[in-house]
Amino acid sequence: MKKTLCLLLSILMLLPLLYSCGDKENSATDFEYEENEDGGITITNYIGTDTDVVIPSTIEGKNVTILGMYSFSRNKSLESIDIPDTVHTISGGAFLLCSSLHTVKLPKNLRDLPPGTFESCSLLKNITLPEQLESIGARAFAECTALEEITIPGKSLSDSSRELFAGATSLKKVVITGGCESVANSAFAACTSLTAIYFEGDAPTEFCQPEWFPDKECTIYYHEGAEGFTSPEWNGYPTKTW
């Protein structure tokens, strides 16, 4: 009985450590970095060996605010990344060709995803785009072949979002929140599994043409009362209300 109690006490003492390990920030020594113009820290390169990375919110007493261009690119071991809310800028190609990356936590106040941010992250499956996102650049999720569904703030889409999901061959469902003025004609090029796009707002004035979905019929879903949509088809796509 005494041995059992000792064992239980030992387990209880270890539990806080076990639960905290998954959220433990990486050491500053895992990164190359420099001070930037806003007085914060720009991470220029990841040199650590952890496969699950939690970027620290501060380094040397200064907020980490920017991930530099290609700062994690071509890292074939990186599996998950947790980016703190202090980061307001992720530069182009930051995670390009991170072929093992499957889970991403973005900062909640992020405004922009530049071109090629997650291009060719072929295992990427778990990512939530912040509601504050205002723009997404070309090919930000191109060739993300494991991505099956995603919710996108409508205000972040524009003609600049060319080939946004080009070659994302597992993508089946897209939800576009709020208003959306334009979706680049090639945004879903070669998304051969895409069967449903859900709009929460009115119809965009410009949208991909049906020839971008040669192998699958893609249904457009919209809320009853939304302006600009037509039934039973809209711009050549079958439509349904939801």
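Please treat every number below as a calculation from the coordinates, not as lab data. Just so it is clear, the model here is predicted, and its values are computed rather than measured. Backbone-built Cβ (ideal geometry, glycine too); neighbour counts: all protein chains shown.
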Under the helix-only model (-39500 (n - 2.57) for each DSSP H run of 4 or more, divided by the residues of the chain), the mean residue ellipticity at 222 nm, to 500 deg cm²/dmol, is -3000 deg cm²/dmol
The extension gain from residue 85 to residue 231, computed as 0.36 nm times the residue separation minus the Cα-Cα distance, is 48.3 nm
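By how many nm would the segment from residue 111 to residue 35 grow when fully extended, if each residue of separation counts as 0.36 nm and the alpha-carbon distance is taken off? Working shown, then result.
Working: separation 76, 0.36 × 76 = 27.36 nm, distance 2.11 nm.
Stretched fully, the residue 111-residue 35 segment lengthens by 25.3 nm.
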Taking a crude spin-label model, label points 7 Å out from Cα along the C-beta direction, the residue 27 to residue 131 distance in nm is 4.0
Nearest 10, in degrees from 0 to 90: the angle of helix 2-21 to the longest Cα principal axis of the chain is 50
Residue 242 and residue 100 label points (each 7 Å along its Cα→Cβ direction) are spaced in nm at 3.5
